[in-house]
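Below is one structure, written out as structure tokens; the observations come after it.
The values are calculated or read from the model by the stated rules, or taken from the named source; none is laboratory data. Computed from a prediction, not measured in an experiment: that's the story for all the values here. Virtual Cβ from ideal backbone geometry, glycine too; neighbours counted across all protein chains shown. Areas reflect the complete protein model, heavy atoms only, side chains present, ligands, DNA and RNA absent. Shrake-Rupley method; radii C 1.70, N 1.55, O 1.52, S 1.80 Å.
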Amino acid sequence: MTDPSNEQKDASVGTTGHEWDGIKELNNPLPLWWLWIFYATIIVAIIYFVIMPTFPLVSSYTAGTLNQSDRVNVEAAVNAARLERVERGAGLGDSSMEQIRSDTSLLEYGLAAGEAAFGDNCATCHGRGSQRIAGYPYLHDDVWLWGGTLDEIRQTIRFGIRADHDQTRFSQMPAFLSDGILTDDQVGDLADFVMSLSGSGGEFDAINRASSLFALHCASCHGEQGLGDQAQGAPNLSDRDWLYGGDRTTIIETISFSRYGVMPAWETRLDPITVRALAVYVHSLGGGEEETVSATE
Amino acid sequence: MDVADVKAKTEAAPGVERHDVEAVNAAALGSLYKAREAIYPKRVAGFFRNFKWFIMWATLGVYYITPWIRWDRGGDLPDQAVLIDFAAPRFYFFFIEIWPQEIYYLTGLMVLAAMFLFLATALLGRVWCGYTCPQTVWTDLFIWVERRVEGDRNARMKLDRQPWTGNKIARKSIKHTIWLLIAMATGGAWIFYFHDAPDLLWLFPRGEAPVASYFSFALLTATTYVFGGHMREQVCIYMCPWPRIQSALIDEDTLAVTYRKGRGEARGAHKKGDTWEGRGHCIDCQQCVVSCPMGIDIRDGLQLECIQCALCIDACDSIMDKLDLPKGLIAYDTDLNINRMAAGETPRFRFLRPRTVAYAIILTVVGSLMLYGLLTRDYLELNVLRDRSPNFVELSDGSVRNGYTIKIYNMLPREQTFVLGVAGLDAPELHLVGDPQTYDVLPPLTVGPDQIRSVRIYVTAPEARLPGTHQSPVTFSVENTEVGTVNTSQTVFVVGAR
């Protein structure tokens with residue numbers, strides 16, 4: 001189909017001489033304002049060249065009259081964020097859990113800062129999310145060796161456990177076999193007894209044989225019912241949670257050679273506000289305990 | 001073609017080859033660039049001109065007045081009928097309030113608009129361009145101002161040729177001042193759609209309005225003034241993609257502003273008393289050309305530059321009246337009928353064509369879906385996000401705990417109190433995170449008007465009542481017990497492999 005108007009156009013503007021399948025490329029002149037816009041972009045480019053950093057030199061670059069620098073901007077932004085962190089985190093200082101809870105912005109800040117610091121410093125051993133690593137307490141549950149209130153958690157983080165610090169949390173269980181206190185058989189009987197405390201097995205005769213051994217060697221720290229004592233970091237033996245493992249072999253190993261888990265004192269590594277934020281975060285993971293009237297630091 | 005053949009044919013002198021070409025950019029072919037030639041559209045009167053005035057005032061009226069319409073929503077919600085609130089973020093349209101997660105309504109609206117445009121184009125050609133496109137509407141308004149200040153076509157041409165006299169300077173400056181005022185009003189009205197209008201009108205002149213509003217105001221003022229006053233048809237011809245797309249949407253059955261060449265040709269001047277036998281009805285008076293805002297000749301046929309504003313129809317009809325000839329030498333007609341008429345056949349209109357039917361079906365389906373969605377829309381939404389890391393936590397007494405983050409969307413403009421229920425487990429213990437108490441039934445939760453409340457909940461199944469499977473379905477529900485609105489959300493409770 002030929003359109004008469006196209007033929008007229010051919011005549012008025014001509015074609016470039018290019019033709020494909022009967023379709024000719026018209027040689028329409030460009031609107032003049034397109035040319036102006038092209039010149040305008042050149043002018044803008046020159047202005048940009050003058051005011052912004054544009055051109056690399058041997059060891060530096062042309063800075064531009066505006067002195068714009070993303071490096072400086074980012075530094076300023078980071079510094080501002082740091083200042084804001086100190087400012088917002090300052091409230092975490094001596095607030096009780098109740099105070100932090102009622103202050104939404106403080107709580108949000110604490111949780112966010114704590115989560116970040118946890119990932120950087122704690123997750124290596126304590127794991128992320130559902131990761132459970134034998135020998136390192138799982139922080140999502142309600143089991144606390146040294147107490148689960150905000151202040152107790154904070155103290156544990158600050159001074160560590162069996163760490164190189166005067167105020168560190170410290171406890172030591174004798175290695176009953178290797179220290180020569182008990183024999184192989186006695187340790188085996190004791191393991192059966194310990195398992196029976198949480199209702200997870202144990203041979204009847206062995207339990208009977210070991211009851212006096214438990215009262216003599218273990219009850220002073222773990223309690224007569226094996227309920228543990230957070231004041232001295234003695235684990236509760238009657239619950240379902242096992243730090244190193246609840247099978248007979250692992251329990252025998254624990255009694256025979258003892259355990260000596262260590263957590264660093266973070267006070268010397270992190271600033272106080274980060275430690276508080278970490279305490280708030282760990283407390284929020286699901287097992288945080290409330291401060292009772294009798295709890296004193 | 002074989003190169004050797006060409007050579008053989010063209011020798012300038014023995015042994016001297018002559019190329020049979022013309023210089024691509026030969027001076028004879030004209031400059032590479034072409035300055036815009038001013039177009040002085042002549043005033044016309046008639047049905048289409050009146051219709052266009054009506055459309056122009058109607059669309060401008062809608063544009064300028066809409067942000068000032070008030071609509072009481074109660075509470076602290078804005079009382080502006082149409083408001084796009086980016087800060088909230090909400091879109092208010094009279095009784096409809098769209099939340100960001102319902103952005104699909106906007107998608108639906110876009111599909112509807114596109115399909116409506118396709119359908120209108122397939123049936124009636126470029127009606128969008130001719131009547132309702134903002135470029136057309138504002139250009140029409142600017143030309144109206146120009147005509148009021150400088151006079152009609154001939155007066156304007158004369159004025160432009162004149163040297164700069166006091167009269168010319170006065171007229172030109174009045175024209176540009178009015179243009180700029182209109183442009184500022186255009187940019188000014190735009191920003192009212194994004195901020196409470198009376199409030200913004202108060203803040204704007206004081207320099208206290210958001211920066212974005214000044215930027216939008218400046219941008220729209222500049223584009224309106226430049227596009228409507230100075231570029232006009234250049235925007236349609238060189239900048240707009242729509243004319244190109246439209247050529248794929250129209251076919252030989254599409255109505256378009258057309259010169260009925262069968263009736264008009266052969267054209268020529270006509271003296272009083274001459275017979276109309278043996279010649280066309282076009283007297284070549286060029287009224288269609290001088291009235292055209294795009295500067296084209298409709299008699300050249302369908303062309304890209306034609307926005308089909310139908311002003312040439314009015315211009316031609318008034319001439320036909322004078323000559324006592326029937327109107328409609330230029331009229332809305334189809335390509336098919338033009339050829340049928342030229343061949344002496346009867347015109348035929350086909351509005352039901354595969355493409356129009358398809359567009360209509362899509363329009364109906366999308367429109368119905370949108371309407372259904374809007375009518376059955378929930379004003380209460382519940383989102384439950386199960387903790388995945390950890391999936392579940394075994395507690396020291398052998399019970400298992402799962403954590404859930406619950407979001408309650410109160411999409412009504414008043415505060416509501418909800419009862420949150422958990423079904424599917426045998427008497428679980430419930431904890432609101434941050435609240436030391438253990439609940440069998442959670443305390444009622446209050447959600448503010450038009451707000452989202454997020455709570456974390458721990459659900460603990462005691463060892464004695466653990467579900468038998470390692471994953472069992474749980475249903476959370478929120479209920480406003482006063483009015484009975486309920487929304488539920490399904491999730492699972494995981495106890496792990498045991």
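Considering chain A, what Rg and Dmax in Å follow from its alpha-carbon atoms?
Looking at chain A, its Cα Rg and Dmax stand at 36.2, 117 Å.
Based on alpha-carbon atoms only, what is the radius of gyration of the stretch B:90-154 relative to the globular estimate 2.2 N^0.38 Å?
Rg over 2.2 N^0.38 Å, computed on Cα atoms: 1.70.
In degrees from 0 to 90, rounded to the nearest 10, what is the angle of the helix A:32-51 Cα long axis to the longest principal axis of chain A?
That helix lies at roughly 50 degrees to the long axis.
Compute the separation of the alpha-carbon centres of the stretch B:361-413 and the stretch A:220-297 and state it in Å as a whole number.
Answer, in whole Å: 38.
So for chain A, averaging the separation of alpha carbon pairs under 8 Å that are six or more residues apart and normalising by length, what relative contact order in percent results?
Reported as a whole number, the value is 22 percent.
Could you tell me which of rounded, prolate or oblate describes the stretch A:191-241, using a ≥ b ≥ c as the square roots of the eigenvalues of the alpha-carbon gyration tensor, with rounded for a/c under 1.5 and, failing that, prolate when a/b is larger than b/c and oblate otherwise?
In terms of gyration-tensor shape, oblate.
Over all alpha-carbon pairs in the stretch B:98-240, figure out the percentage whose distance exceeds 17 Å.
72 percent
Could you run the Karplus curve 6.51 cos²θ - 1.76 cosθ + 1.60 with θ = phi - 60° over the stretch B:442-449 and give me ³J(HN,Hα) per residue in whole Hz, x for Gly and Pro?
Once rounded to whole Hz, the list reads 5, x, x, 10, 9, 10, x, x.
Note the direction-averaged projected area, equal to a quarter of the hull surface, for the Cα convex hull of the stretch B:26-107, in nm².
Result: 12.1 nm².
May I ask for the distance between the Cα centers of the stretch A:111-139 and the stretch B:436-498, given as a whole number of Å?
Computed from Cα coordinates, the inter-centre distance equals 27 Å.
Cα atoms only: what Rg and Dmax, in Å, come out for the stretch B:380-494?
Answer for the stretch B:380-494, Rg first and Dmax second: 14.3, 45 Å.
Report the calculated FRET efficiency for B:D251 and B:N154 (r = Cβ-Cβ distance, R0 = 35 Å), to the nearest 0.05.
E(calc), rounded to 0.05, equals 0.30.
If you count, for every residue in B:392-404, the Cβ atoms of partner chains within 10 Å of its Cβ, what is the mean?
Partner Cβ neighbours, averaged per residue: 5.
Could you estimate the translational diffusion coefficient of the stretch B:433-474 from the Stokes-Einstein equation, with Rh from the Kirkwood formula over C-alpha pairs, at 25 °C and 0.890 mPa s, in whole µm²/s?
For the chosen part, D equals 183 µm²/s.
Residue by residue through the stretch A:247-255, what is 3J(HN,Hα) from phi via Karplus (6.51 cos²θ - 1.76 cosθ + 1.60, θ = phi - 60°)? Round to whole Hz and write x for glycine and proline.
After applying 6.51 cos²θ - 1.76 cosθ + 1.60, I find 7, 4, 4, 5, 5, 4, 5, 5, 5 Hz.
Would you give the gap between the C-alpha center of the stretch B:200-234 and the C-alpha center of the stretch B:55-75, rounded to a whole Å?
19 Å
Rounded to the nearest 10 Å², what accessible area does B:R70 show when all protein chains are kept and the probe is 1.4 Å?
Only protein atoms counted, so the area is about 80 Å².
Could you give the accessible area per residue of chain A, probe 1.4 Å, as a whole number in Å²?
For chain A, the per-residue accessible area is 60 Å².
Normalising by the residue count of chain B, find the relative contact order in percent from Cα pairs under 8 Å and 6+ residues apart.
13 percent
Defining a contact as two alpha carbons under 8 Å apart and six or more residues distant in sequence, what relative contact order in percent does the stretch B:380-494 show?
With pairs under 8 Å counted, the relative contact order is 33 percent.
Where the accessible area of the protein assembly as shown is counted over protein heavy atoms with a 1.4 Å probe, how much of it, in %, is carbon and sulfur?
The C+S portion of the solvent-accessible surface of the protein assembly as shown is 60 percent.
Could you work out, residue by residue across A:29-36, how many beta carbons of other chains sit within 10 Å of that residue's beta carbon, and then give the average as an integer?
Shielding by partners across A:29-36 averages 6.
Rounded to whole Hz and in sequence order, give me ³J(HN,Hα) for the stretch B:206-218 from the Karplus expression 6.51 cos²θ - 1.76 cosθ + 1.60, θ = phi - 60°, writing x for Gly and Pro.
8, x, 9, 7, x, 4, 4, 5, 5, 5, 4, 4, 5
State in Å² the accessible area per residue of the stretch B:291-370; use a 1.4 Å probe, count heavy atoms of protein chains only, and round to the nearest integer.
47 Å²
Using a 1.4 Å probe on protein heavy atoms only, how many Å² of accessible area do B and A hide from each other, summed over both chains and rounded to 100?
2400 Å²
Would you mind classifying the stretch B:39-377 by shape? Square roots of the alpha carbon gyration tensor eigenvalues, ordered a ≥ b ≥ c; an a/c under 1.5 is rounded, otherwise it is prolate if a/b is larger than b/c and oblate if not.
oblate
Subtracting the Cα-Cα distance from 0.36 nm times the residue separation, let me have the gained length for A:E75 to A:I42 in nm, one decimal.
Answer, rounded to one decimal: 8.6 nm.
Calculate the FRET efficiency for A:F204 and B:R465 from the Cβ-Cβ distance with a Förster distance of 22 Å, rounded to the nearest 0.05.
According to the calculation, E is roughly 0.15.
Rounded to the nearest 10 degrees, what's the angle between the helix B:47-65 long axis and the longest principal axis of chain B, both from Cα atoms, 0 to 90?
30 degrees
Residues of the stretch A:101-132 that become at least 20 Å² less accessible with every protein chain present than in their own chain isolated, using 1.4 Å: which are they?
Residues losing area: A:R101, A:G129, A:S130, A:R132.
Rg and Dmax in Å for the protein assembly as shown, alpha carbons only: what are they?
Radius of gyration, then largest Cα-Cα span, for the protein assembly as shown: 42.0, 140 Å.
Would you mind checking the tilt of helix A:184-197 against the longest principal axis of the Cα atoms of chain A, expressed as 0 to 90 degrees and rounded to 10?
Helix A:184-197 sits at roughly 70 degrees to that axis.
Quick check on the stretch B:188-334: take the gyration tensor over C-alpha atoms, sort the square-rooted eigenvalues as a ≥ b ≥ c, and tell me if it's rounded (a/c under 1.5), prolate or oblate.
Prolate, since a/c reaches 1.5 and a/b exceeds b/c.
Return P(r) of the stretch B:286-368 (all Cα-Cα pairs; 5 Å bins starting at 0; whole %; ordered from short to long distances).
The percentages, shortest bin first, are 3, 12, 17, 16, 17, 14, 9, 7, 4, 1, 0.
Set Lys and Arg Cβ to +1 and Asp and Glu Cβ to -1, take the dipole of chain A about its Cα centre, and tell me which of A:A123, A:G228, A:V143 lies farthest positive.
Ranked along the dipole, the leading option is A:A123.
Unpartnered cysteines of chain B (Cβ-Cβ under 4.7 Å counts as a partner)?
B:C129, B:C133, B:C236, B:C240, B:C282, B:C285, B:C292, B:C306, B:C309, B:C316
Among the listed pairs B:K52/B:K261; B:K52/B:K158; B:K52/B:K271, which have their C-alpha atoms separated by more than 30 angstrom in this model?
B:K52/B:K271
When only DSSP loop residues count, what chymotrypsin sites (Phe, Trp or Tyr not before Pro) in the stretch B:87-176 have their Cβ near at most 11 other Cβ atoms within 10 Å?
Passing both the DSSP loop test and the Cβ count: B:F94, B:F95, B:W164.
Of B:G295, B:N480, B:A155, which is farthest along the charge dipole of chain B in the positive direction, counting Lys and Arg as +1 and Asp and Glu as -1 at C-beta?
So the residue we want is B:A155.
Mind checking the stretch B:346-433 for GluC sites (Glu not before Pro) that DSSP puts in a loop (not H, G, I, E or B) and that have at most 15 other Cβ atoms within 10 Å?
Within the stretch B:346-433, the qualifying GluC sites (Glu not before Pro) (loop, at most 15 other Cβ atoms within 10 Å) are B:E415.
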